[in-house]
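Undergrad: Below you will find the structure I want to go over with you.
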């Protein structure tokens with residue numbers, strides 16, 4: 001027989017943990033009637049190591065209590081299969097989280113490299129998954145949720161692209177489309193593919209800190225026309241706007257936008 005101190009020492013668990021297991025009826029050591037000391041048998045050691053094993057696999061206490069009462073081999077297999085599915089889903093979530101973190105890091109580099117600069121580059125293919133009236137059309141966000149690779153159902157504005165159609169007289173149409181980047185290994189694509197081999201590309205800063213809340217559309221349009229004229233390009237009358245990053249200065253937002261303007 002072993003004391004609680006001895007068990008805690010050679011199993012590497014605290015006394016509080018052992019008492020918690022006892023409170024949850026996961027282990028039932030004998031108790032000396034005269035002095036109240038707990039005495040643990042080798043069967044109690046089996047119980048504690050089993051509980052530790054399941055806890056390390058993040059099995060809920062309630063599930064372990066069910067195991068402690070009665071569980072067939074088949075029942076244990078079912079429990080482990082359920083946990084396996086949870087772990088696989090968590091792995092997929094972590095992969096998506098890692099991918100989005102890497103994208104944001106890349107976006108930070110884009111801002112540092114291209115803010116205020118104008119170059120010609122390709123707009124990589126995007127699959128159009130849907131459309132909403134405006135990014136403030138919150139009643140339409142259910143459509144956005146259904147059509148984006150979101151983190152645990154969180155609505156991500158990075159899945160939106162603002163599309164502005166214009167001519168010499170001004171803006172003709174202004175809408176928002178829901179998109180997904182087309183990967184090289186994609187085999188099944190359901191929506192329309194949007195791509196442009198040549199675009200005038202830049203990153204601009206918007207937001208109340210830099211503009212005082214003024215509309216930047218006219219400024220951006222004039223800048224693109226000026227660059228196109230200077231470099232001998234003809235604009236196609238479209239501009240795609242992507243939100244890269246939002247940060248803050250003196251409590252006011254600084255919004256960095258990625259601009260693609262297709263050219264002939």
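Derivation of every value follows stated rules applied to the coordinates shown; laboratory data play no part. Given the structure is predicted, the values throughout are model-derived calculations rather than measurements. Reconstructed Cβ throughout: ideal geometry from the backbone, glycine too, with neighbour counts over all protein chains shown.
Undergrad: Which length gain, in nm to one decimal place, applies between residue 9 and residue 174 when the Cα-Cα distance is subtracted from 0.36 nm times their residue separation?
TA: 52.5 nm
Undergrad: Next up: Fully extended, how many nm does the chain gain between residue 117 and residue 1 (0.36 nm per residue separation, minus their Cα-Cα distance)?
TA: 34.1 nm
Undergrad: In deg cm²/dmol and to the nearest 500, what is the mean residue ellipticity at 222 nm of the chain if only DSSP H runs of at least 4 residues count, each as -39500 (n - 2.57), divided by the residue total?
TA: Here the helix-only value at 222 nm equals -13000 deg cm²/dmol.
Undergrad: Relative to the longest principal axis of the C-alpha atoms of the chain, give the angle of the C-alpha long axis of helix 73-114, reported between 0 and 90° and rounded to the nearest 10°.
TA: That helix lies at roughly 30 degrees to the long axis.
Undergrad: Okay, moving on. Hey, what angle do you get for helix 42-56 against the long axis of the chain, alpha-carbon based, 0 to 90 degrees rounded to 10?
TA: 0
Undergrad: Still on this model: Sorted by average packing, counted as other Cβ atoms within 10 angstrom per residue and highest first, what order do 29-39, 207-217 take?
TA: Result, highest mean Cβ count within 10 Å first: 207-217, 29-39.
Undergrad: Suppose R0 equals 45 Å. What FRET efficiency, 1/(1 + (r/R0)^6) with r the Cβ-Cβ distance, do residue 100 and residue 230 give to the nearest 0.05?
TA: 0.75
Undergrad: When the scattering of the chain is computed by the Debye formula from its Cα atoms alone, each counted once and equally, what is log10 I(q)/I(0) at q = 0.07, 0.08, 0.11 Å⁻¹?
TA: The calculated log intensity ratios at q = 0.07, 0.08, 0.11 Å⁻¹ are -0.48, -0.56, -0.74.
Undergrad: State, to one decimal in nm, how far the label point of residue 41 lies from the label point of residue 70, with both points 7 Å from Cα in the Cβ direction.
TA: 2.1
Undergrad: Hey, can you rank 99-108, 194-203 by average C-beta count inside 10 Å, highest first?
TA: Going by the mean number of other Cβ atoms within 10 Å, highest first, we get 194-203, 99-108.
Undergrad: Here is a further query. Which value in nm describes the separation of the simple spin-label points at residue 246 and residue 33, placed 7 Å from the Cα toward the beta carbon?
TA: Taking the two extended label points, one gets 7.0 nm.
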